[in-house]
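Structure record follows, encoded as structure tokens.
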Amino acid sequence: MRKLVYYVGVSLDGYIAGPADEVDFYPLSDAMAAWINTHYPETVPTHLRAQAGLADTPNHAFDTVIMGRRTYEPALAVDVTSPYAHLRQLVVSSILGSDGAALDPAVEVVSDDPIAAVRGLKAEDGLDIWLAGGGKLAAALLPEIDELIVKQYPVVAGTGLPAFAGAFRPTAFSPARSESFDNGARVTWFERTPQS
């Protein structure tokens, strides 16, 4: 069965973005960018793939992405309506498309029950499903998240959008492995701890 994987970057204090959706405070490095391009090339937006040398690179881990409206909107702000055209794209929103405006036909809008949508995706054949954010959607989908891949950057944000913005719901995950980079960042893989 396919897994729902929350692959996300966070600050040391657990924020995925600043209060105005900033992410430019994360210290990146060429080595880490090369690692992402090699291991998770499908997480690079379609309109940036050619300049990253990934134009014809096949998907390795994911063939589907699910994201919240706020994660999708930065692409719209630069006139990109299908940011991950190389993946099946789902956007969870009760607002998008409600005004009758046409959305890109490559983007599916889930207007209610994201858990049912994810369960349906898991029942299909294919690669894993990438949960790209944001924090409210991650909290809503927490019961369905099978794995976390956390890129933790050595910076404190102070405030912003938390990785999980929802009700108090302690859920155990076990670290499986980790990798460090020259910019001080660390990627850690966590698997859902089986309930006894």
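The values are calculated or read from the model by the stated rules, or taken from the named source; none is laboratory data. Computed from a predicted structure; not experimentally measured. Reconstructed Cβ throughout: ideal geometry from the backbone, glycine too, with neighbour counts over all protein chains shown.
Hey, can you tell me all the residues within region 1-40 that are surrounded by 14 or more Cβ atoms within 10 Å (Cβ to Cβ) and acidic (Asp, Glu)?
Correct list: 21 only.
Checking residue 80 against (1) surrounded by 14 or more Cβ atoms within 10 Å (Cβ to Cβ); (2) under 23 Å from residue 152 (Cβ atoms); (3) among the aliphatic types (A, V, I, L, M), which test does it fail?
Of the numbered conditions (1) surrounded by 14 or more Cβ atoms within 10 Å (Cβ to Cβ); (2) under 23 Å from residue 152 (Cβ atoms); (3) among the aliphatic types (A, V, I, L, M), the odd one out for residue 80 is (2).
Taking residue 13 as meeting all but one of (1) within 20 Å of residue 130 (Cβ to Cβ); (2) modelled with pLDDT of 95 or more, write down the number of the exception.
Every listed condition holds for residue 13 apart from (1).
Go through region 164-188 and count every residue that is over 14 Å from the mean Cα position of the chain (by Cα), closer than 17 Å to residue 4 by Cβ and surrounded by 14 or more Cβ atoms within 10 Å (Cβ to Cβ).
2
Of all residues in region 141-163, how many are under 18 Å from the mean Cα position of the chain (by Cα) and in contact (Cβ under 8 Å) with a residue 40 or more places away in the chain?
Initial filter on region 141-163 (under 18 Å from the mean Cα position of the chain (by Cα)): 141-153, 160-163.
So of that shortlist, the ones also in contact (Cβ under 8 Å) with a residue 40 or more places away in the chain come out as 141, 144-153, 160-163.
So the count comes out to 15.
Which numbered condition trips up residue 94, out of (1) closer than 26 Å to residue 15 by Cα; (2) surrounded by 15 or more Cβ atoms within 10 Å (Cβ to Cβ)?
(2)
Out of curiosity, is residue 120 without any contact (Cβ under 8 Å) to a residue 24 or more places away in the chain, outside any strand (DSSP E or B) and under 20 Å from residue 2 (Cα atoms)?
yes
Please go through region 156-196 and give me each residue that is assigned to a strand (DSSP E or B) and polar (S, T, N, Q), ordered by number.
174, 178, 180, 188
Taking only pairs six or more apart or across chains, which ones have beta-carbon atoms under 9 Å, a first residue in region 28-41 that is over 15 Å from residue 189 (Cα atoms), and a second residue that is of a type in the set (S, T, N, Q)?
Once the first residue is over 15 Å from residue 189 (Cα atoms) and sits in region 28-41, its partners that are of a type in the set (S, T, N, Q) give 28/183; 29/183; 31/183; 32/183; 37/57; 41/57; 41/59.
Which residue out of 135, 160 is touching an Asp or Glu at 6+ places or on another chain (Cβ under 9 Å) and surrounded by 14 or more Cβ atoms within 10 Å (Cβ to Cβ)?
So the residue among 135, 160 that is touching an Asp or Glu at 6+ places or on another chain (Cβ under 9 Å) and surrounded by 14 or more Cβ atoms within 10 Å (Cβ to Cβ) is 160.
Results for (1) among the basic types (Lys, Arg); (2) over 18 Å from the mean Cα position of the chain (by Cα); (3) within 17 Å of residue 127 (Cα to Cα), shown as yes or no for each residue.
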residue: 5; (1), (2), (3): no, no, yes
residue: 17; (1), (2), (3): no, no, no
residue: 29; (1), (2), (3): no, yes, no
residue: 34; (1), (2), (3): no, yes, no
residue: 43; (1), (2), (3): no, no, yes
residue: 61; (1), (2), (3): no, no, yes
residue: 70; (1), (2), (3): yes, no, no
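Could you tell me which residue of region 42-59 is surrounded by the most Cβ atoms within 10 Å (Cβ to Cβ), considering only residues that are touching a Leu at 6+ places or on another chain (Cβ under 8 Å) and under 14 Å from residue 128 (Cα atoms)?
Checked region 42-59; the qualifying residue surrounded by the most Cβ atoms within 10 Å (Cβ to Cβ) is 42.
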